[in-house]
Amino acid sequence: MSHDHDDRPQLTAAQAAAVLNPPPGRNGGDLVVETLQGLGATTVFGLPGQHALGMFDALRRSSLRYVGLRVENNAGFAADAYGRITGEVAPLLLSTGPGALTSLAALQEAAAASAPVLAISSQIPTAGLGGGRHGYLHELRDQQASVRDIVKSVHTVRTASQIPSAIAAAWESALTAPHGPVWVEIPQDVLLAETTLPVVSAMDATPRELYPRPELTIAAAHLLSNAERPVIIAGGGVVRSDASGKLRALAEKLDAPVVTTFGGKGAFPWEHPLSLRSWLEDRHTTDFLEDADVLLVVGSGLGELSSNYHTFRPRGRVIQIEADAGKLESNHPALGIHSDAREALADLLEAVERREDAGAAERVRTVLEKVRVRIEAQDLTLEQQVLAAVREALPDAAPSFWDMTILAYWAWSAFDARRPNTMHSAQGAGGLGYGFPAAIGAAAADPTKPVLAVSGDGGAMYSIAELATARQYDLPLTWMIVDDGGYGILREYMTGAFGETTGTELARPDFVALAESFGVPAVRTSPESLAADLSKALAAPGPSVVVLPALLRMFEPTHL
């Protein structure tokens, strides 16, 4: 049995000599960083810990840039944002036990948002593995069990020679559609043991493309071409697969209105005549979607938020394009097409016949006018003024990261993201503390653009420590903190449900003084001066904080 080796890279004499005589003083940690470099990584996030020191020492001998955060969960959020912004794998280096466990909420958000995060955790020494209760520091009976339900795949290493293959397999898994977090764990003694293995060279872990089956494309194209009232729901999969151009071309060929989910912000131009924008938490939009005779859902599982809290009941045929096979028809019967959004839209664009619908834009205007009238009747001028000020101050190409806070809930529906892949929030898993550490990851990914983070005072307290990180790395980001003295949205939920609140009111620091104590310039603003203060902060180099004392309210829900 012979193999054709002609297409494999040939080593020069110097490279061959280096392979045969690897530099002394390398250990398992060096194999980790060499593998990451060989796969194309340039930046890693994390936090050192005793069992992981072999990896962190090896960083000294590598060209990798290390961005260290102060809390593992925040390091996970930073890696998540790096992965979303670049579409590349974001390595996250973690220690054993408490360090590993503290990252789990961030990995849940990465899983929900399909962000390619490669978590590499240390483990207790090999002799302690297997649940034998040896009493090692940080020992868990089964550390993998804590992450297995969250990540896409788990990869275990027991010897140094397994390290490159395990990391490459995890890398490929993270980048296979749908993207997502993956987990590698390596025992302390394997990371510290000296190795004579050759230096890891360039590695290929290119994921296979996920193409639609042709018979499904033909069936979908027939339904869309012959529809009377086609409508498109564009989800986060359109943004992640860089398919917004294909989406627009298809919508225009079909004269089909488009609504974007909160994860799909920016996937379709806000001011386009066919744009229903993002008013998914509105009954007028829900009614319009229900009235479609053919509904094309691209890159969304139609979960709780995208379905107006599961009140959406489509009456027409549903076509669902989704890279996550588990989400196909998980909420509604559909013609399910398991595919990357970009590939499926490209095929559909060729297969559908052009249809003319002179009334489509008018129907869109009618729905948006009904939404506007509903919101206008609720005396929410302040909220709209604040959101408009943020939009005015934020450059079109600048990314923004929104924590779970009332202004973010407004932004999901009412903010014009202007560009694909610029507006991100923690609405996938819904945990607090995402905005600021995520902005750190985005600023590390592209320090040529200012980055905006938006938090409430409650969520801000999760991330205060990262002011030190932003200052240490001098990152170009502005943190806007809306200070209303509590968990504002929970205050509203509890008042609505029970007539009074419990546990929602918070003592908080003087955020301006606190930021300045970290050496980060800060200003207290007002709704009237917000646009100017935010513009000034975003234009200044390095980190800054803008504090807006304001009590914002949500618009009335329509699903109750």
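Seen from all directions on average, region 309-412 presents a Cα convex hull projection of 10.3 nm². Backbone amide hydrogens, once placed in the peptide plane, bring SER339 within less than 5 Å of GLU322, ALA323, excluding anything fewer than 5 places away on its chain. Considering only DSSP beta bridges where both residues belong to the chain, give the percentage that are antiparallel (nearest 5). Roughly 5 percent of the beta bridges in the chain run antiparallel, per DSSP. Using protein chains only and a probe of 1.4 angstrom, how many square angstrom of THR502 are accessible, to the nearest 10? Estimated to the nearest 10 Å², THR502 gives 110 Å².
How would you classify region 11-167 from its alpha-carbon gyration tensor, with a ≥ b ≥ c the square roots of the eigenvalues: rounded for a/c under 1.5, else prolate if a/b is greater than b/c, otherwise oblate? Here region 11-167 falls in the oblate category.
Positive-end ranking of GLN37, ILE489, PRO207 along the dipole of the chain, with charges on Cβ about the Cα centre, is headed by GLN37.
Solvent-accessible surface of protein heavy atoms, probed at 1.4 angstrom with all chains present, puts GLU290, GLU252 in the order GLU252, GLU290, largest first. Among the listed pairs LYS152/LYS246; LYS265/LYS327; LYS246/LYS327, a Cα-Cα separation exceeding 25 Å is found for LYS152/LYS246. Excluding ligands, DNA and RNA, the accessible surface per residue across region 152-223 is 47 Å² with a 1.4 Å probe. Spherically averaged projected area of the convex hull of Cα atoms, the chain: 29.2 nm².
Each residue of region 93-101 was assigned a 3J(HN,Hα) from its phi angle through the Karplus expression (A = 6.51, B = -1.76, C = 1.60, θ = phi - 60°), giving 9, 10, 9, 7, x, x, x, 4, 5 Hz with x at Gly and Pro. In the assembled protein chains, THR501 presents an accessible area of approximately 50 Å² (probe radius 1.4 Å). In the context of the full set of protein chains, region 378-427 has a per residue accessible area of 30 Å² (1.4 Å probe). What shape does region 92-217 take by its C-alpha gyration tensor, where a ≥ b ≥ c are the square roots of the eigenvalues and a/c under 1.5 counts as rounded, a/b above b/c as prolate, and the rest as oblate? Note, shape of region 92-217 comes out oblate. Over region 192-295, the fraction of Cα-Cα pairs per 10 Å bin, rounded to whole percents and listed from the shortest bin up, is 13, 35, 26, 9, 7, 7, 3. Using 17 Å as the cut-off for backbone N distance, which residues of region 189-230 belong to the label zone defined by a point 7 Å from the Cα of ASP293 along Cα→Cβ? The answer is 220-230, whose backbone nitrogens lie closer than 17 Å to the label point. For the chain, a simple Cβ point-charge model (Lys and Arg +1, Asp and Glu -1, everything else neutral) yields a dipole of about 420 debye relative to the Cα centre. Positive contributions from Lys and Arg (+1) and negative ones from Asp and Glu (-1), summed over other residues with Cβ under 12 Å from the Cβ of SER455, come out at -4. Sorting 138-145, 304-311 by their mean Cβ neighbour count within 10 Å, with the most densely packed peptide first, gives 304-311, 138-145.
Listed peptides 292-299, 525-532 appear in the order 292-299, 525-532 once ranked by packing, highest mean of other Cβ atoms within 10 Å at the front.
Extension gain, THR206 to GLU500, is 100.4 nm, computed as 0.36 nm per intervening residue step minus the present C-alpha separation. Protein heavy-atom surface of the chain, 1.4 angstrom probe: 52% of the accessible area is carbon and sulfur, with nucleic acids and ligands not counted.
Which angle between 0 and 90 degrees, to the nearest 10, do you get for helix 104-113 versus the longest principal axis of the chain when only C-alpha atoms count? For helix 104-113, the angle is close to 50 degrees. Taking the chain as the reference, fit the longest principal axis to its C-alpha atoms, fit the long axis of helix 435-445 to the helix C-alpha atoms, and give the angle between the two in degrees, 0 to 90, nearest 10. It works out to around 60 degrees.
Using R0 = 25 Å, the C-beta based FRET efficiency linking THR42 and GLN472 works out to 0.85. From most to least packed by mean Cβ count within 10 Å, the peptides 511-519, 46-54 give 46-54, 511-519. Axis of helix 360-376 versus longest Cα principal axis of the chain: the two differ by about 90°, to the nearest ten degrees. The value of relative contact order for the chain, using C-alpha pairs under 8 Å at least six residues apart, is 13 percent. Helical runs assigned H by DSSP (4 residues or longer) give the chain a calculated mean residue ellipticity at 222 nm of -11000 deg cm²/dmol, each run adding -39500 (n - 2.57) before division by the residue total. Electrostatic bookkeeping for LEU380 treats Lys and Arg as +1 and Asp and Glu as -1; over the other residues with beta carbon under 10 Å from its beta carbon, the sum is -3. Taking 0.36 nm per residue of separation and subtracting the Cα-Cα distance, full extension of the segment from ALA16 to SER526 would add 177.1 nm. I'd like the distance separating the alpha-carbon centroids of region 367-417 and region 444-488, in whole Å. Cα centres, region 367-417 to region 444-488: 19 Å. Cross-link partners of LYS536 among aspartates and glutamates, defined as those whose alpha carbon lies under 19 angstrom from its own and excluding same-chain residues fewer than eight positions apart: GLU392, ASP396, ASP474, GLU516, GLU528.
Specify whether the C-alpha gyration tensor of region 501-560 places it in the rounded, prolate or oblate class, a ≥ b ≥ c being the square roots of the eigenvalues: rounded for a/c under 1.5, otherwise prolate if a/b is larger than b/c and oblate if not. Taking the square roots of the gyration eigenvalues as a ≥ b ≥ c, region 501-560 is oblate.
For LYS246, LYS370, the ranking by accessible surface with the largest value first comes to LYS370, LYS246, using a 1.4 Å probe. Can you check what the net charge comes to around GLY54, using other residues whose Cβ is under 12 Å from the Cβ of GLY54 (Lys, Arg +1; Asp, Glu -1)? Cβ neighbours under 12 Å give a net charge of -1. Put ASP416, ASP242, ASP347 in order of accessible area, highest first, and with a 1.4 Å probe you get ASP242, ASP347, ASP416.
The values are calculated or read from the model by the stated rules, or taken from the named source; none is laboratory data. Everything numeric here is computed off the predicted structure, so don't read it as measured data. Every residue, glycine among them, receives a Cβ derived from its backbone with ideal geometry; neighbour counts consider all protein chains shown. Heads up: the accessible areas ignore ligands, DNA and RNA and are worked out on the full protein's heavy atoms, side chains in. Shrake-Rupley method; radii C 1.70, N 1.55, O 1.52, S 1.80 Å.
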